[in-house]
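Engineer: Structure incoming, see below.
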Ligand code: GLY
Ligand code: MN
Ligand code: MN
């Protein structure tokens, strides 16, 4: 597998260091695993990265020693990284690293990623750093220095919003591969007489066979009335001729997620199905037409929402129009209604997001269409490419 080149990692770390300086922080404890990967190429189910002004320190346990050695041997780790082995608890190892690492007194942590319990424990331990334990100064750890933990919000996520050229190339390739899978799936896999579960299993197999590390989320196959459930689980229902079927699946390629939905009719669609499909396709076009650097995300959302409302389907569209894609399948920017308490999110060149309006009619079914785009100064670049009328022929 190939990874982000180390000079790119260095540039990402440098951007974080500037953000830390602006926030008057001496270091940041990065505990969200996708964020650790972003700076180090290290992917695991556990780990902690401490980023200071002049040190980059990764804590990992025995399970990952060989993987870290392999990354280092192949030149994929940042040059400056130091690796500390965790033998017991990560939190104890972290306290020790913070007390003795010379980071400085103000250390940030990712407020959205650390539990109240964990924070309480870390803060209590760090508050007594350097003080004697028990009944004598003889037991004091004089190398330990006091550290104040400071909650931060989305420092790394803000850096991850705009993708660099390496990430854009990976996402383009992922979009190309997912589109190829989708074209085959719509042709060969989504047919009448198969259970939703069987179709989903077949899709997942094809996603891996196309070179993805894994599906990006639980594949949705929602047929007939189930298509009215935006996030249905693929179940035992067997597809029938005349069903609408929503198929929503994604893949993780070199760590990056892509996400695609098509809706097909099995057999000849009814007029009502055709109208619903055309309405959603038109809403997707309206939203895609607004995507451009400098446009607030809620304006893109409103384009899809208003179009469906004009067509009498305002109540049938209850979720956001899209979301960012990257190391996580749902990340910033959120393409949804403006939240009164939040500042508007402006789209910027290099952001990657889905555009996925839908309309859902309980008891009847639903339609969702989802594509992935890169925001550009003049509009957007589609990175998924699947005919929208593959089965609902000549409807768009
Ligand atoms: N199935 C997840 C999504 O499309 O956002
Ligand atoms: Mn999706
Ligand atoms: Mn999506």
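Engineer: Just to be sure I understand the filter: pairs with C-beta atoms under 7 Å, separated by 6 or more residues or on different chains, first member in segment 259-270 and in a loop (DSSP other than H, G, I, E, B), second member within 16 Å of ligand 1 (Cβ to nearest atom). Which pairs pass?
Structural biologist: 266/245
Engineer: Name the pairs: first residue in segment 96-115 and under 12 Å from residue 129 (Cβ atoms), second residue modelled with pLDDT under 95 and crowded, with 19+ Cβ neighbours inside 10 Å, Cβ to Cβ under 6 Å, at least 6 apart or on different chains?
Structural biologist: 98/147; 107/147
Engineer: Let me ask you something else. Being crowded, with 18+ Cβ neighbours inside 10 Å and within 14 Å of ligand 2 (Cβ to nearest atom) is the filter here; which residues of segment 213-226 pass it?
Structural biologist: 215, 216, 219, 220, 221, 222
Engineer: Would you mind finding the one in 192, 201, 286 that is assigned to a helix (DSSP H, G or I), away from ligand 3 (no atom under 16 Å from the Cβ) and either over 18 Å from residue 371 (Cα atoms) or in contact with a strand residue (DSSP E or B) (Cβ under 6 Å, 6 or more places away or on another chain) (or both)? Let's see the steps before the verdict.
Structural biologist: Working: 192 fails: assigned to a helix (DSSP H, G or I); 286 fails: either over 18 Å from residue 371 (Cα atoms) or in contact with a strand residue (DSSP E or B) (Cβ under 6 Å, 6 or more places away or on another chain) (or both).
Exactly one of 192, 201, 286 is assigned to a helix (DSSP H, G or I), away from ligand 3 (no atom under 16 Å from the Cβ) and either over 18 Å from residue 371 (Cα atoms) or in contact with a strand residue (DSSP E or B) (Cβ under 6 Å, 6 or more places away or on another chain) (or both), namely 201.
Engineer: Output the residues belonging to segment 250-273 that are more than 16 Å from ligand 3 (Cβ to nearest atom) and out of contact with any strand residue (DSSP E or B) (no Cβ under 8 Å at 6 or more places or on another chain).
Structural biologist: Listed by number, the residues that qualify are 254, 255, 267, 268, 270, 271, 272.
Engineer: Determine which member of the set 16, 9 is at pLDDT 95 or above, within 22 Å of residue 72 (Cβ to Cβ), touching a strand residue (DSSP E or B) at 6+ places or on another chain (Cβ under 8 Å) and surrounded by 18 or more Cβ atoms within 10 Å (Cβ to Cβ).
Structural biologist: Being at pLDDT 95 or above, within 22 Å of residue 72 (Cβ to Cβ), touching a strand residue (DSSP E or B) at 6+ places or on another chain (Cβ under 8 Å) and surrounded by 18 or more Cβ atoms within 10 Å (Cβ to Cβ) holds for just one of 16, 9, which is 16.
Engineer: Looking at (1) more than 24 Å from residue 334 (Cα to Cα); (2) assigned to a helix (DSSP H, G or I), which one does residue 146 not meet, given that it meets all the others?
Structural biologist: Going through the list (1) more than 24 Å from residue 334 (Cα to Cα); (2) assigned to a helix (DSSP H, G or I), residue 146 breaks only (2).
Engineer: Given (1) over 20 Å from residue 373 (Cβ atoms); (2) within 13 Å of ligand 2 (Cβ to nearest atom), where does residue 249 come up short, assuming only one miss?
Structural biologist: The failed condition is (1).
Engineer: What is the number of the single condition among (1) surrounded by 16 or more Cβ atoms within 10 Å (Cβ to Cβ); (2) more than 21 Å from residue 179 (Cβ to Cβ); (3) within 14 Å of ligand 1 (Cβ to nearest atom) that residue 318 does not meet?
Structural biologist: Looking at each condition in turn, residue 318 falls short on (1).
Engineer: Run down 299, 247 and say which single residue is modelled with pLDDT of 95 or more, within 14 Å of ligand 3 (Cβ to nearest atom) and over 19 Å from the mean Cα position of the chain (by Cα).
Structural biologist: 247
Engineer: Oh, and also: Considering only segment 205-233, state which residues are within 12 Å of ligand 1 (Cβ to nearest atom), part of a loop (DSSP other than H, G, I, E, B) and touching a helix residue (DSSP H, G or I) at 6+ places or on another chain (Cβ under 6 Å).
Structural biologist: 219, 232
Engineer: Which one of 373, 367, 329 is within 13 Å of residue 288 (Cα to Cα), within 16 Å of ligand 1 (Cβ to nearest atom) and touching a residue at least 40 places away in the same chain (Cβ under 8 Å)?
Structural biologist: Step by step, each of 373, 367, 329 is checked, and only 373 is within 13 Å of residue 288 (Cα to Cα), within 16 Å of ligand 1 (Cβ to nearest atom) and touching a residue at least 40 places away in the same chain (Cβ under 8 Å).
The values are calculated or read from the model by the stated rules, or taken from the named source; none is laboratory data. Since the structure is predicted, the reported quantities are computational estimates derived from the model, not experimental observations. We place every Cβ from the backbone using ideal geometry, glycine too, and count neighbours over all the protein chains shown.
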